[in-house]
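Here's the structure we're looking at; comments come further down.
The values are calculated or read from the model by the stated rules, or taken from the named source; none is laboratory data. This is a predicted model, so every value here is computed, not measured. Virtual Cβ from ideal backbone geometry, glycine too; neighbours counted across all protein chains shown.
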Amino acid sequence: MTINPVVNIAAQLKGQVLRCPDLTPSFSQWPSGVSPHYKQLEATVERRIREWIPDQQIARSARNLDLAYFVATWWPKASVENLETMAWMTLWLFIWDDFVEDAAMPDSLSAEGKVEWLHHQAFSYVESELGLSESSQPAKSPTKYCSLFKYAAVGLRDNCSVAVRRQFCDAFRYYMACCETEEVYTRSGAVPDIETYWKHRVGSSGMDMYIVLQEFMAGSNIPEHLHETPEIKRAQFELGYHIVALNDIFSLKKELSKNWLGAIPILIKENDLDLEGAVAYILDIAKGIERSFDRAAEALLEMVEHDPAAHVSVQDHVDIMRTNMTGNYVWSWLCTDFSAPGMAWRNMCSRMGAWLCLFKGRVH
């Protein structure tokens with residue numbers, strides 16, 4: 001029988017205090033905010049959860065995500081229509097990621113075969129909903145909740161070019177491939193080194209799908225020649241890296257409760273660190289990411305400094321990536337889905353909790 005190494009690490013950490021990081025000084029020069037559409041979105045999201053998700057356990061998980069606040073802080077300047085599209089995409093991604101029990105998979109397949117079958121069917125379904133399938137017949141959703149994608153697909157079909165929708169499908173395919181790799185580690189009991197883990201974790205987070213839609217959320221396009229520059233690729237990479245690095249701190253209790261492999265267990269095992277040392281290691285990574293992102297952003301803006309219109313578009317694009325990072329940080333603090341029994345939480349400074357309460361009430 002394969003022993004999951006996370007089980008031993010979870011037992012080792014039980015009862016310890018996870019000191020949550022205060023990164024507000026790092027973010028002080030970055031844009032942040034809450035969309036003025038937040039309250040409207042909150043009501044809409046609740047109505048849709050009631051309508052679309054009859055299972056009370058899954059509906060509770062969906063509510064715990066606080067999707068309205070997620071999109072309102074990630075994209076505080078976006079239109080309400082685009083925010084709704086991203087809320088439905090995020091709902092689909094989180095529910096699809098966690099609830100696949102109702103898949104009508106062939107019994108004859110191995111565990112690996114079932115995952116591959118499910119992903120193949122899901123890709124065909126997403127491709128069909130985005131209007132990209134070569135088949136004249138619409139593809140069927142492989143699971144009940146994978147079909148949630150159809151609500152996001154309406155906004156993407158109406159507002160995104162064929163090229164962007166194909167890029168989205170490519171990103172979805174890569175996401176599933178990375179999820180399959182993580183499943184292999186879980187089943188085998190193998191523990192990847194931290195660099196290998198980060199590579200697959202960024203992919204399995206689905207961040208590439210969000211990055212593909214950045215111009216859609218900005219409402220404007222950056223100059224075409226910038227898309228293949230090392231600078232834009234660096235900025236996009238650092239965005240995804242930052243999101244998953246901090247999420248691996250905030251979601252630690254949930255991941256340990258499910259015996260999922262994460263950065264902290266790997267760092268504890270690989271570098272012989274304690275909990276505090278592993279968190280400090282990730283915080284150092286996050287600060288390095290922020291510096292690297294700022295350098296890439298500055299270089300991109302210098303490339304268009306003599307083109308006022310392009311400069312505005314690039315600045316908007318950069319600001320959206322920054323609000324993705326600041327928004328993710330604040331949302332993660334407030335999202336109750338990151339709670340799980342067995343470990344205690346404590347703020348590193350008491351003012352942080354009060355600041356977050358004020359932040360959630362601020363709309364600009």
Only one of these conditions is not met by S79: (1) crowded, with 17+ Cβ neighbours inside 10 Å; (2) closer than 23 Å to D319 by Cβ; (3) in contact with a Gly (Cβ under 9 Å, 6 or more places away or on another chain). Which number is it?
-> (1)
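Can you name every one of the helices (runs of 4 or more DSSP H) wholly within the stretch 165-266 that holds 2 or more residues which are farther than 23 Å from M325 by Cα? Working first, answer last.
Details: elements: 194-204, 207-212, 214-218, 230-250, 252-257.
Fully inside the stretch 165-266 and qualifying: 252-257.
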By residue number, the members of the stretch 135-163 that are assigned to a helix (DSSP H, G or I), over 19 Å from the mean Cα position of the chain (by Cα) and in contact (Cβ under 8 Å) with a residue 24 or more places away in the chain are V154, G155, R157, N159, V162
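Condition check ((1) modelled with pLDDT under 90; (2) farther than 21 Å from D248 by Cβ) across all residues:
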site: S141; (1), (2): no, yes
site: G189; (1), (2): yes, no
site: Y197; (1), (2): no, no
site: H200; (1), (2): no, no
site: G203; (1), (2): no, no
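Only residues that are surrounded by fewer than 17 Cβ atoms within 10 Å (Cβ to Cβ), more than 22 Å from the chain's Cα centre (by Cα) and not acidic (D, E): list them for the stretch 222-244, please. Lay out the reasoning, then the answer.
Residues of the stretch 222-244 that are surrounded by fewer than 17 Cβ atoms within 10 Å (Cβ to Cβ), as a first pass: 223-225, 227-230, 233.
Pick out the ones that are also more than 22 Å from the chain's Cα centre (by Cα) and you get 223-225, 228-230.
Those that are surrounded by fewer than 17 Cβ atoms within 10 Å (Cβ to Cβ), more than 22 Å from the chain's Cα centre (by Cα) and not acidic (D, E): P223, H225, T229, P230.
Could you tell me whether G113 is exposed (fewer than 14 other Cβ atoms within 10 Å of the Cβ), more than 21 Å from the chain's Cα centre (by Cα) and in a helix (DSSP H, G or I)? First the steps, then the outcome.
Working: exposed (fewer than 14 other Cβ atoms within 10 Å of the Cβ): yes; more than 21 Å from the chain's Cα centre (by Cα): yes; in a helix (DSSP H, G or I): yes.
Yes, satisfied.
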